[in-house]
Each structure stands twice: as C-alpha cells, then as structure tokens.
Amino acid sequence: MKYVDVVIDNKSDNTDNLYTYSAPDSIHVGDRVTVSFARRKKPVDAFVFRINESPNYDISKIKPIVTCDEDRSLNEEMVDTAVRMRRRYGIRYIDAIRQFTPAGKREPKEKRIRGKDAETSRHELTDEQAAAVKEINASIESGKNSTYVLKGVTASGKTEVYMRAAEKALELGKTAIILLPEIALSDQIEKRFKARFGESMVAAMHSRMTTSRRLEEWLRIRRGEARIVVGARTAVFAPAENIGLIVMDEEHEATYKSDHNPKYDSVDIAFMRASYYNATLVLGSATPSVVTSYRVRTGVYRQLEMNRRAGDAILPTLEIVDMKPEVRNGNLTCISSRLAEEIDRTLAGNEQIILFLNRRGYSTHAVCMECGHRLTCSDCGITLTYHKSQSALVCHYCGKSIPTPKTCPECGSAFIKYKGTGTEKVEETAASLWPYASVQRFDLDTAASQAEIDRVITSFQKGKTDILVGTQILAKGIDFSNVGLVGIINADSSLNIPDYRSSERTFQLITQVAGRAGRSGGESRVIIQTYEPDNEVIRYAASRDYDGFYEYELLHRNIMNYPPYSDIIYVTFAQKENAEDDSAMRHAVAFREYLLGLKDAPEGAAILKPREAERANPGDRKKVGFIIKAPSGSRAGYMNAFMRMKDNMLRSKSDCFIEIDVNPYGMI
C-alpha cells in the first residue's frame, strides 16, 4: 500500500491543490486514476503527482483510488514539467497536465500503418551541413544537455541537418521531436520525414487534427511505436520518452508563444524537457530572435552557422522602392511601377512571383466619412477588416463576421469608405494588371483546411500558378524552386504594431520572405516597397546585415529595459459579475503597492501604473492591468508574489480574477 498526492481534473482555482489517497504498490507518478472527490456521485479523473511517504492525515480517513488507466497515464518527466510550468507561468496544475493528455474518450480502432519503407539514399552534405551534423550528433551521443542555435540562411539545408540528427537519436534508442511554426508547414515536413524514416516511425501532432486522429497518434507515441514526432506548437507536449533531440525550426516565430490560457512559451517547455532527459535542443532560424542571439553571446547557447545555400542556389538582389513618389505621380495601386516592371520581366522569363503582404482581407478598416466612426468588433473592440469576397466585415481576433453595412451604425450615413490594403486587394490588382497570368492567394482565409493548403502549394510548386499572393505563412520554410521575384508590399506596416518586438518582427519578415527567391540558381530579385525607405530596420534587412540590426536593437532594448535585459510581466484583474464598479482598479492598485513595498524588490525593476483596458460594450467585464519590467533573474520573486496574491483572493472570495502573461506578444 502506498499513499499518493493527486491533482483533480477540474479547472476551478478552488481545487488547484494536491489531495492524498491510498493506492496499490504498483502505482507510479503520472498515472491517470479515478478517485472519489467531495460530494460527487461518480469518481473523477485525477493524476498522481507524487508518492507521499508520510501523510499528514489520519490514515483511516484516507480514501483509496478507484481505478487506474495505464494507457492514458503520463510519466514522471511530464509531471515534473507541469510543476515547473506552474511555477514559471502561475497557471493551474491541471492546465499544464492537460497539455500532455489526449482529448477523446473512445479508444480508436487499432489500424495498421502502411506506407513506403524508409529510403536508403542520402543527399551529399555541404561542408557547413556536415560540420553542423557532426557537432549536434556528438552532443546527442554524449548524453549531455546542450542547446545549439543553427543560424542558416534560407535554403542552406537546415531540414537535412534535422533529419541527420533525428537519425542519430533513433540509432541510440532515443526519440526526437521536430517543432514547426505553422500547421501548413508541418504537413510538408511530416511527408519528408516519413519518406526518410518510414510511415510507422513518424507521428504528427497539431491542433487541426480530428480528435480521433490526435488520440490515435498520441497512443502510438506513448506506446513507443512512433519515435519521431513532427508538429506545430502543441507537439512540444508529445508523450515521448527518452528524448534525445528536440528541434524548433524558425525558432523566432511568434506562433510558438501561446496567448490563450494556459499562456506559455514553447522554447521554455522544450528547454525543460530537454534538460530532464539530457537531450540536445536545436533552435533553427535564418534570423534568430534577439533574446536567442543574446543567449549565444552570453554563452548559454552555442551557435552553428550555415551561410551558403545548398546546391547552385544564390541569394537574390534586394532593392528598396520608396512609395511616396508613386503616390505623387498618381499611382494609387499597391504595386509600384518598379515592381510592375520586374513582374513583366519575370513572367516573360517563365519564372514565378511571390507578392507578400502581412494583412488579410481586402481593406484593413472601414470608416464613416460623415462622422469618422471606425467600425469595430462588438465582442472585442478590434477594428474590423473588410473581406470583399465574403461581402462581410471580419474580426481577425475572435473570427466574428457581420454583413457589410449599408449605413453607418453611429450616424446613419451611407458614406462608408474602406481603407488600407489586404491580400485580397493585392490579388485583385495583380489579376487585373496581368490578366494572362494565373494568380492565387495563400493566407488564413484560403488555407482553411489541409487539403486546400496542399492544393495551393502543389499548384505553385508545379508551375501552374504564376503569381502567389500571401501573408507570413509564405515566409516559413516552404521550398519553391522557380521564384524569380518577390515583392514585399508595405514593408513598414509591421513597424507600427504596439509591441517592443515590432522592429525585430519587421527585419525577420523581410529577410524570411526575401529568402523565397532564387532557390534554384540564376538571378532573382526582391523589391521592398515602403513609405519609410530610410528606416534603419528596413536598411539593415535590405543589406542582410543581421549583426548590425542585432546591435542596433540590443542598444534600444537596453535603454528601455526590455528583454533580454528583463522579463515583461502583464498582470490583469478582471471583475466577476456583480462586482463593485471600481473593484478591479482597487485590486490592481493594492497589488502594485504591495510589490513596490517588497523588501527584496530587485534593483532596476519598473512597475507601471494600472490602467483600464478598453471595453467594446458597456456590459463587458471591466479589466485593469499593469506592466512589470522585472530585471533578468528576478521573475521568480514576482511569480511567488503573484501566487500569494491569488491565494489571498481565493480565501477572501474576491470579486475579481487575477492572471498574468509573461513576455506577451502585443502590449495591451
């Protein structure tokens, strides 16, 4: 007989504790069990978090566990990671555990995986690839936890390095997790890994899979049948054991950060899991994040570089085009005369074109010309985007769609004007200017399903599409062999996003999109259209000067006390129903004063004054938040203070909720 402490599968803050039960000697940490709990008539699910050698309770009153589900159980490492997530992000135990557990109750029918056997041929490595593979494989073989940054220009062959490293992990009886920033990408890379290692050896994990398929893949990984996992952000929680390698391709991408509860950063989870197994973590990118590069500089990570493209591919020529003279000369389209000239030349040479704009829809906002009212989402207050193909205004935050209004909802005027440019308008413009060319669009609107994603990508790869218009989904590692021209529309638009990373994001997008050109040899060109041609960030991107940009951005971060010199913690108080009108503000002010009064408060910390978040409707719950700039190394202290505040609010039955977001994308 053993005694165990379990976490109840219940999302209430009131049950976010460990509860003690008796269990047979065969019980393990991570086991999924059912237990009698409170006054529930039926047993509830729970997870064993630790073996309790000496319970602080009357043993005669301790209830036994009811059942144990071995197939759906986790292991000690997954529980350890969940505990570390709770400490790092202030989330509930069960919210962390649920990231590891599969949805679905019914057992999937056992089906035999059929497919081609693993291929035996290997591509010859370049000298840079061979050097990277040698270093990473030696690390995997040593069994020492190491983190490498694989900084390789686009088309330098990073995926081949990942596959050679995964091969080494399998050879040593270990498993590998390959993370990708987009679901659209994961399917392409999954096919490459299956061709190399065989269908049965590779499993996929991402949020767009059906519940039954996700459970089927989860069980294959958990049973050790599939030893390589390929997927988007959620694949970092794959139930793999004895992990030897974790890869984060395009590690700089914002999609690796979860901005929904529970809020976490995938690189942190990958680091936790790799350190537990003494595994090798590889962070791949042509444009590593500023924080990642800083960790290289300070010796936390080791950098490997691949500065030449594989094969005969050469880097394209980059050119900046100032759009202000275009407007003065009467060109009101989104395509400059210089870009139009290059499109003509490229089409005549039977090469393909990518036009990039990181804005979906037809127009980015709708404004009443009579009263100036800007149409926003009634649920979340975000500016609505006009989608001409749907005859609707769409919120790109919550997905709400409303028919295009004939009159202004504020003053009743019929003079509503649609301003700004989205990919839909670029597609329409390109189709009208080059009617003999095949034009397609690739964004979240057209990539609604994996079948549609495959159709668009395959059509372009086979040369059936001449001009492909798309958003940042195009910038993330998809190989196109015949692209002679890339046009970047409104390259400066991302500079004005309310986020301290906006300069970094702009540099990365320009560099990554430019990398889609010139991948198979021959001359190619990138046209960067901007209204700010003298902007330092755009200049650094156009000259491919990553080191110059890094130094420039690091200086700004240091002056403003932004990461990597601090952690940004956003604290929010949201009022419950029937709360007093100023309750959230009172709680926020009180917590800020408490933090300012801490005796061990770190030097250089900044705690900004609370302010009320905008409410789309008068009936919405009030939210008040403030920002903590916690100097590097001081985050744990603030997290402990947050947990104390949360516990006090629970005990006092506060009329507010409290939550935090560590290093959020987009400042609120």
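The values are calculated or read from the model by the stated rules, or taken from the named source; none is laboratory data. Bear in mind the structure is a predicted one, so any value in this text is a computation, not a measurement. Cβ atoms come from the backbone with ideal geometry, glycine included; neighbour counts cover every protein chain shown.
Count, please, the residues in region 52-73 that happen to be in a strand (DSSP E or B) and either outside the structural domain of Ala38 (by TED's automatic domain parsing) or under 35 Å from the mean Cα position of the chain (by Cα) (or both). Even if it seems obvious, please write down each step before you answer.
Quick first cut of region 52-73, residues in a strand (DSSP E or B) only: 64, 67-69.
From what is left, the residues that are either outside the structural domain of Ala38 (by TED's automatic domain parsing) or under 35 Å from the mean Cα position of the chain (by Cα) (or both) are 68-69.
Number satisfying all stated conditions: 2.
Report the residue count in region 186-208 for those that are within 23 Å of His260 (Cα to Cα) and crowded, with 20+ Cβ neighbours inside 10 Å.
Applying the first criterion (within 23 Å of His260 (Cα to Cα)) to region 186-208 yields 186, 204-208.
If we keep only those that are crowded, with 20+ Cβ neighbours inside 10 Å too, we end up with 186, 204-206.
Residues flagged as within 23 Å of His260 (Cα to Cα) and crowded, with 20+ Cβ neighbours inside 10 Å within region 186-208 amount to 4.
Assuming Cys395 fulfils every condition listed in (1) at pLDDT 80 or above; (2) buried (at least 17 other Cβ atoms within 10 Å of the Cβ) apart from one, which condition is it?
(1)
Has region 226-249 got at least one residue that is surrounded by 23 or more Cβ atoms within 10 Å (Cβ to Cβ) and basic (Lys, Arg)?
The answer is yes; a qualifying residue exists.
Which one of these is surrounded by 18 or more Cβ atoms within 10 Å (Cβ to Cβ), within 30 Å of Tyr264 (Cα to Cα) and modelled with pLDDT of 95 or more: Val44, Val79? Spell out the reasoning first.
Values: Val44 fails: surrounded by 18 or more Cβ atoms within 10 Å (Cβ to Cβ).
The conditions single out Val79.
Which residues, taken from region 87-96, are out of contact with any Asp or Glu (no Cβ under 8 Å at 6 or more places or on another chain), crowded, with 17+ Cβ neighbours inside 10 Å and in a helix (DSSP H, G or I)? Spell out the reasoning first.
Taking region 87-96 and keeping what is out of contact with any Asp or Glu (no Cβ under 8 Å at 6 or more places or on another chain), we get 87, 89, 91, 95-96.
Subset that is crowded, with 17+ Cβ neighbours inside 10 Å: 89, 91, 95-96.
Tyr89, Asp95, Ala96 - these are the residues of region 87-96 that are out of contact with any Asp or Glu (no Cβ under 8 Å at 6 or more places or on another chain), crowded, with 17+ Cβ neighbours inside 10 Å and in a helix (DSSP H, G or I).
Could you tell me which residue of region 151-185 is surrounded by the most Cβ atoms within 10 Å (Cβ to Cβ), considering only residues that are touching a Ser or Thr at 6+ places or on another chain (Cβ under 8 Å) and within 19 Å of Ile269 (Cβ to Cβ)?
Restricting to residues being touching a Ser or Thr at 6+ places or on another chain (Cβ under 8 Å) and within 19 Å of Ile269 (Cβ to Cβ), the top hit is Leu179.
Of the residues Glu351, Glu341, which is acidic (Asp, Glu), within 18 Å of Arg516 (Cβ to Cβ) and out of contact with any Lys or Arg (no Cβ under 8 Å at 6 or more places or on another chain)?
Details: Glu341 fails: within 18 Å of Arg516 (Cβ to Cβ).
None of the other options fit; the residue is Glu351.
Filter region 560-600 down to residues that are without any contact (Cβ under 8 Å) to a residue 12 or more places away in the chain and assigned to a loop (DSSP other than H, G, I, E, B), then give me how many there are. Before the answer, list the steps.
The first filter runs over region 560-600 and keeps only residues without any contact (Cβ under 8 Å) to a residue 12 or more places away in the chain, leaving 582, 586, 590, 593, 596-597, 599.
Right, trim to assigned to a loop (DSSP other than H, G, I, E, B) and you get 582, 597, 599.
Residues in region 560-600 being without any contact (Cβ under 8 Å) to a residue 12 or more places away in the chain and assigned to a loop (DSSP other than H, G, I, E, B): 3 in total.
Can you say whether Val7 is buried (at least 20 other Cβ atoms within 10 Å of the Cβ), touching a strand residue (DSSP E or B) at 6+ places or on another chain (Cβ under 7 Å) and either in a loop (DSSP other than H, G, I, E, B) or in the same structural domain as Arg87 (by TED's automatic domain parsing) (or both), as far as the supplied structure shows? Even if it seems obvious, please write down each step before you answer.
Values: buried (at least 20 other Cβ atoms within 10 Å of the Cβ): yes; touching a strand residue (DSSP E or B) at 6+ places or on another chain (Cβ under 7 Å): yes; either in a loop (DSSP other than H, G, I, E, B) or in the same structural domain as Arg87 (by TED's automatic domain parsing) (or both): yes.
Taking the combined requirement at face value, the residue satisfies it.
Can you list residue pairs whose Cβ atoms sit under 7 Å apart, with the first residue in region 344-367 being surrounded by fewer than 20 Cβ atoms within 10 Å (Cβ to Cβ) and the second being of a type in the set (Gly, Ala, Ser) and modelled with pLDDT of 95 or more? Count only pairs 6 or more apart in sequence or on different chains.
From region 344-367, the pairs are Leu347/Ala437.
Mind listing whichever residues of region 197-240 are assigned to a loop (DSSP other than H, G, I, E, B) and of a type in the set (Gly, Ala, Ser)? Write out each step before concluding.
Residues of region 197-240 assigned to a loop (DSSP other than H, G, I, E, B): 198, 206-210, 223-227, 232, 238-240.
Selection gives Gly198, Ser207, Gly224, Ala226, Ala232, Ala238, Ala240.
List pairs: first residue in region 142-168 and over 12 Å from Gly284 (Cβ atoms) and in the same structural domain as Val267 (by TED's automatic domain parsing), second residue of a type in the set (S, T, N, Q) and assigned to a strand (DSSP E or B) anywhere in the structure, Cβ distance under 7 angstrom, at least six positions apart or on different chains.
As it stands, the answer is Ser146/Thr280, since those pairs meet every condition given.
List pairs: first residue in region 436-462 and without any contact (Cβ under 8 Å) to a residue 40 or more places away in the chain, second residue surrounded by fewer than 19 Cβ atoms within 10 Å (Cβ to Cβ) and small (Gly, Ala, Ser) anywhere in the structure, Cβ distance under 6 angstrom, at least six positions apart or on different chains.
Val439/Ala431
For Val589, are the conditions met, namely being farther than 19 Å from Tyr89 by Cα and modelled with pLDDT of 95 or more? Break it down stepwise before answering.
Working: farther than 19 Å from Tyr89 by Cα: yes; modelled with pLDDT of 95 or more: yes.
Yes: the conditions hold for Val589.
Just to verify a result, which residue in region 265-286, among those that are in a loop (DSSP other than H, G, I, E, B) and modelled with pLDDT of 95 or more, is farthest from the chain's Cα centre (by Cα)?
Of region 265-286, the ones in a loop (DSSP other than H, G, I, E, B) are 278-279, 286.
Next, from what is left, pick out any that are modelled with pLDDT of 95 or more: 278-279.
Working: Asn278: 25, Ala279: 22 Å.
Restricting to residues being in a loop (DSSP other than H, G, I, E, B) and modelled with pLDDT of 95 or more, the top hit is Asn278.
Do the conditions hold for Glu577, that is, is it modelled with pLDDT under 95, loosely packed, with under 14 Cβ neighbours inside 10 Å and acidic (Asp, Glu)? Talk me through it step by step, then tell me what you get.
Numbers: modelled with pLDDT under 95: yes; loosely packed, with under 14 Cβ neighbours inside 10 Å: yes; acidic (Asp, Glu): yes.
Here the answer is yes, as Glu577 does meet what is asked.
Would it be correct to say that Pro24 is more than 28 Å from Arg651 (Cα to Cα) and surrounded by fewer than 17 Cβ atoms within 10 Å (Cβ to Cβ)?
Working: more than 28 Å from Arg651 (Cα to Cα): yes; surrounded by fewer than 17 Cβ atoms within 10 Å (Cβ to Cβ): yes.
Spelling it out, Pro24 is indeed more than 28 Å from Arg651 (Cα to Cα) and surrounded by fewer than 17 Cβ atoms within 10 Å (Cβ to Cβ).
Identify the residue in region 296-317 that is modelled with pLDDT of 95 or more and touching a strand residue (DSSP E or B) at 6+ places or on another chain (Cβ under 8 Å) and, among all such residues, is nearest to Thr126 (Cα to Cα).
Met306
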